[in-house]
């Protein structure tokens with residue numbers, strides 16, 4: 001039985017106003033319920049923050065703080081230092097969290113500082129692959145060829161021209177003792193990784209694929225299906241590194257073609273319109289193949 | 001006991017007396033000596049603080065924000081570009097009502113880059129909700145840090161405080177400082193124990209979204225706390241005087257202002273030079289005094305109005321100004337005097353930008369040539385030849 005089912009009371013109350021089918025809130029609930037109540041959470045500006053703390057309401061049943069867009073990891077560093085001074089660190093865990101833009105773009109400097117200093121903090125990146133809170137603008141974690149409001153497809157554009165920034169590799173370059181990816185489609189795996197991360201002292205990084213029905217353009221009932229296909233095509237490999245060593249990957253018995261993942265999402269619709277798009281899909285398939293090979297997903 | 005200390009050491013020693021649980025800073029000239037000395041105290045085991053070396057001033061401010069929200073007394077120091085990089089967090093610290101103390105070793109703002117003293121940096125965050133003091137000498141800097149935490153942590157205030165000290169002029173100057181013992185400091189400044197903090201035993205939400213139905217009320221509450229701070233500052237400086245026998249002013253300090261026809265106004269170390277000049281002028285029979293603006297936020301409008309009520313000539317000396325408007329302190333004083341029945345000759349004199357020396361002779365010359373026909377905005381010791389040769393200045 002998953003932690004979620006065991007928990008009598010979710011640590012994020014259901015009164016938030018996130019969209020139906022929101023992968024991000026689901027992921028955050030799984031993270032918190034796995035972490036338990038003895039945590040302090042810092043949150044970057046973004047969907048999770050605005051949908052959960054509209055004064056005088058709050059969905060958080062744990063001590064929670066939001067300061068700015070780019071400083072969740074620096075604020076967490078200060079909290080960790082304070083807990084250390086008070087002799088409470090360890091008994092109380094610190095989690096810093098933010099979306100992909102807050103993590104990989106605007107918050108990168110603070111995050112690198114937090115990692116380099118070795119604070120005992122778990123950083124969770126809820127990766128919905130664009131700036132959803134401001135209206136689906138591209139971030140550095142937006143996938144190749146995705147159409148967003150600032151990387152739109154058009155006569156002269158095939159969508160986002162860049163590859164997704166490899167955040168786990170950057171985390172590993174900071175010699176983090178624990179780096180992992182997870183997905184809302186695999187809640188037990190996700191909870192296990194949160195618990196494991198929190199059992200390790202030092203800075204940790206967990207990146208969770210969190211589909212956004214509004215931003216990606218799919219029916220709200222398809223959140224889990226989309227997340228699952230991202231993993232099963234090889235586009236979003238799930239893995240764990242401990243002390244720099246790859247210790248586990250989620251195997252894919254029979255990889256699905258990337259079309260299976262792309263076709264349900266409006267952000268990739270333009271790729272299915274002509275020959276040029278077809279060639280792009282081949283490139284995306286190649287990205288999936290590279291992941292399959294790199295992480296040994298089928299082996 | 002008197003110690004002969006560099007200003008920066010005075011700050012570090014005063015901060016040590018306040019026992020912050022968390023210190024975070026990023027090095028920048030001329031703040032460095034402060035944080036170097038604090039680092040050494042921690043390294044020697046003399047100060048039990050978590051010292052967090054960060055990758056930027058932005059993170060330094062964010063670290064003390066987190067520490068303060070988690071219930072710790074927290075401290076940082078910076079200047080100039082560092083203060084500007086902190087700016088977003090400074091507004092946040094004030095809005096979240098977190099009583100941290102930050103020392104600003106005042107320095108000019110780029111471009112052109114210049115590491116020397118003026119007060120433009122502090123002026124840029126004047127609307128942040130942070131309480132700001134300007135110290136005249138290193139004794140005042142030392143004393144102000146103890147007072148600053150007590151003021152910031154007062155429940156009627158609950159706002160951050162910036163203690164401004166002129167970069168190099170004070171940070172690097174050796175002066176005798178009358179010291180305070182740890183026991184005395186502890187009696188004056190009790191340990192920080194906030195009612196609300198990040199604590200799993202009482203989970204609370206900090207830094208919420210305030211929609212149009214709530215935002216204005218939070219800003220109103222901050223204004224009310226700024227107003228209440230005037231009362232709290234007066235109370236705390238009185239208490240300090242009672243305990244330690246020293247008083248360098250509360251919101252303002254007046255010097256030889258009785259019966260003065262002319263008053264010079266300034267903030268920071270320049271006040272000391274002006275006091276010397278005014279002593280000489282008084283000896284020569286001139287009716288002249290000094291008004292030191294010690295607390296710039298909250299701005300002591302009433303106190304200034306009262307101090308200047310019968311004065312004919314007011315010269316405001318400023319180490320910063322607002323491009324496109326003129327003197328900042330000047331305009332605030334002009335605004336304060338709007339409700340006054342007198343209409344003094346009031347002029348602004350910008351001095352010492354980017355570390356330009358301010359000799360007493362220049363101040364004396366300014367004083368001697370003062371008259372109602374001068375423009376509102378004047379630049380002291382401007383090098384006309386250099387402007388002509390090197391700079392393009394359009395005709396207005």
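Only the coordinates and a few stated rules stand behind these numbers; no lab work does. The model shown is predicted, which means the values in this text are computed figures rather than measured ones. Here the Cβ is made from the backbone with ideal geometry for all residues, glycine too, and neighbour counts use every protein chain on show.
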Next item on the list: Relative to the longest principal axis of the C-alpha atoms of chain A, give the angle of the C-alpha long axis of helix A:275-295, reported between 0 and 90° and rounded to the nearest 10°.
Entry: 40 degrees
Next item on the list: Could you work out the mean count of beta carbons from other protein chains within 10 Å of each residue's beta carbon in B:82-88?
Entry: 1
Next item on the list: Note down the relative contact order for chain B as a percent, whole number, built from C-alpha pairs under 8 angstrom at least six residues apart.
Entry: 16 percent
Margin query: Between helix A:187-199 and chain A, what is the angle of the helix's C-alpha long axis to the longest principal axis, kept within 0 to 90° and rounded to the nearest 10?
Written below: 40 degrees
Next item on the list: Take peptides B:263-270, B:124-131, B:66-73 and line them up by average Cβ neighbours within 10 Å, highest first, as a rough protection proxy.
Entry: B:66-73, B:263-270, B:124-131
Check: Roughly what % antiparallel, to the nearest 5, for the DSSP beta bridges in the range B:240-378?
Finding: 25 percent
Check: On average, how many beta carbons from a partner chain sit within 10 Å of the beta carbon of a residue in B:22-29?
Finding: 2
Note to self: Taking a ≥ b ≥ c as the square roots of the Cα gyration tensor eigenvalues, with a/c under 1.5 meaning rounded and otherwise prolate when a/b beats b/c, else oblate, which class fits chain A?
What the structure shows: prolate
Item checked: FRET efficiency estimate (nearest 0.05) - Cβ-Cβ, residue B:124 to residue A:219, R0 56 angstrom -> 0.70
Notebook entry, point to check: Computed over the Cα atoms of the range B:35-165, what is the ratio Rg over Rh, Rh following Kirkwood?
Noted result: 0.95
Notebook entry, point to check: What ranking do A:29-35, A:114-120, B:221-227 get when scored by the average of other Cβ atoms within 10 Å per residue, highest first?
Noted result: A:29-35, A:114-120, B:221-227
Check: What is the Å³ per residue value for the convex hull set by the Cα atoms of the range B:274-351?
Finding: 102 Å³
Item checked: Relative contact order %, chain A, counting alpha carbon pairs below 8 Å whose residues are six or more apart -> 16 percent
Notebook entry, point to check: Taking the range A:1-128, how much of its Cα-Cα pair set, in percent, is spaced more than 22 angstrom apart?
Noted result: 33 percent
Next item on the list: Output the antiparallel fraction of DSSP beta bridges having both residues in chain B, as a percent to the nearest 5.
Entry: 25 percent
Margin query: Please arrange A:220, A:45 by how many other C-beta atoms lie within 10 Å of their C-beta, fewest to most.
Written below: A:220, A:45
Next item on the list: Residues in the range B:288-308, backbone N under 19 Å from the label point at residue B:335 (7 Å along the Cα-to-beta-carbon vector): list them, ranges by number please.
Entry: B:293-308
Margin query: Need one number: % antiparallel among DSSP beta bridges in the protein assembly as shown, to the nearest 5.
Written below: 25 percent
Check: Is the range B:27-74 best put as rounded, prolate or oblate by its Cα gyration tensor, with a ≥ b ≥ c the root eigenvalues, rounded for a/c under 1.5, and otherwise prolate when a/b is larger than b/c, oblate when not?
Finding: oblate
Notebook entry, point to check: How many Cβ atoms of partner chains, on average, are near each residue of A:57-65 if near means within 10 Å of its Cβ?
Noted result: 6
Margin query: Can you give me the C-alpha center-to-center distance between the range B:313-340 and the range B:42-93, rounded to a whole angstrom?
Written below: 32 Å
Next item on the list: Take every Cα pair under 8 Å in the range B:1-95 that's 6+ residues apart, average their separations, divide by the length, and report that relative contact order as a whole percent.
Entry: 33 percent
Check: Could you state the per residue volume, in Å³, of the convex hull enclosing the Cα atoms of the range B:254-390?
Finding: 118 Å³
Next item on the list: Would you kindly calculate the translational diffusion coefficient of the protein assembly as shown, applying Stokes-Einstein with the Kirkwood radius from alpha carbon pairs, for 4 °C and a viscosity of 1.567 mPa s, and quote it in µm² s⁻¹ without decimals?
Entry: 47 µm²/s
Checklist line | Distance from the range A:273-299 to the range A:122-138 (C-alpha centre basis), Å | finding: 23 Å
Note to self: Nearest 500 deg cm²/dmol is fine: what mean residue ellipticity at 222 nm does the protein assembly as shown get from its DSSP H runs of n ≥ 4 alone, each adding -39,500 (n - 2.57), divided by its residue count?
What the structure shows: -11500 deg cm²/dmol
Note to self: Can you tell me what percent of all Cα-Cα pairs in the range A:163-299 are more than 22 Å apart?
What the structure shows: 41 percent
Note to self: If you build the convex hull over the alpha carbons only and average its shadow over all orientations, what do you get for the range B:2-244? Give it in nm² to one decimal.
What the structure shows: 13.3 nm²
Notebook entry, point to check: Taking the highest mean first, how do the peptides A:83-96, B:2-15 order by number of other beta carbon atoms within 10 angstrom per residue?
Noted result: B:2-15, A:83-96
Next item on the list: Quick one: angle between helix B:80-95 and the longest Cα principal axis of chain B, in degrees between 0 and 90, rounded to 10, please.
Entry: 60 degrees
Check: Under the Kirkwood approximation applied to all pairs of distinct alpha-carbon atoms, what is the hydrodynamic radius of the range A:159-229 in Å?
Finding: 13.8 Å
